[in-house]
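Written out below as structure tokens is the structure these notes cover.
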Amino acid sequence: MENASAAFLEAIRRSMRPIRMALGSTVIDPALLSHAERLQHEGYLRREEAYDTIRRLAKAGTPIREIVRRTGRSRKLVREIVRGGGGDVSRCRSSILEPHLAWLDAEWSAGCHNGAELWRRLRTKAGFRGSLRVIAEWATRRRRAEGAIVVE
């Protein structure tokens, strides 16, 4: 089961880039990101630039050993990139908020837009053990996303 699950997740990871391109959702607006998300996105962009260099060298017929020497990346990473691997902007990392997102959405829709109040209610309701910052950042992202929606 574990091997099948890992293979399935790898297949999904590899197909996310074409799926995003087909949907037209390949552009990320940095203005809507929190500070932590912006740092993660900038790291992703740096990695993609390095991976593109590796892909170009491999396409030109440069041996893996030479790519490793030129780029300073590990042999394992270079081999993975050459074989079609590489990062994706979304990592499969679970969030402490995931089990509570439906409740948070309902509270937001009911008019509670204050991160601290949402955090207090969530702690009382479900014994949430996460920090105020987690909820405040969620509320900030939600506020920015709603502000980005243009109503005509």
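The values are calculated or read from the model by the stated rules, or taken from the named source; none is laboratory data. As the structure is a prediction and not an experimental result, all values here were calculated from the model. Cβ: placed from backbone, ideal geometry, glycine included. Neighbour counts: every protein chain shown.
Side notes on the structure shown:
- With respect to the stated conditions, residue 60 fails to be closer than 24 Å to residue 77 by Cα, exposed (fewer than 14 other Cβ atoms within 10 Å of the Cβ) and modelled with pLDDT under 85.
- Tally of residues being assigned to a helix (DSSP H, G or I) and free of Cβ contacts under 8 Å to residues at least 40 places away in the same chain across the range 116-146: 20
Residue-by-condition table, conditions (1) modelled with pLDDT under 85; (2) surrounded by 11 or more Cβ atoms within 10 Å (Cβ to Cβ):
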residue: 68; (1), (2): no, yes
residue: 72; (1), (2): no, no
residue: 88; (1), (2): yes, yes
residue: 95; (1), (2): yes, yes
residue: 104; (1), (2): no, yes
residue: 117; (1), (2): no, yes
residue: 120; (1), (2): no, yes
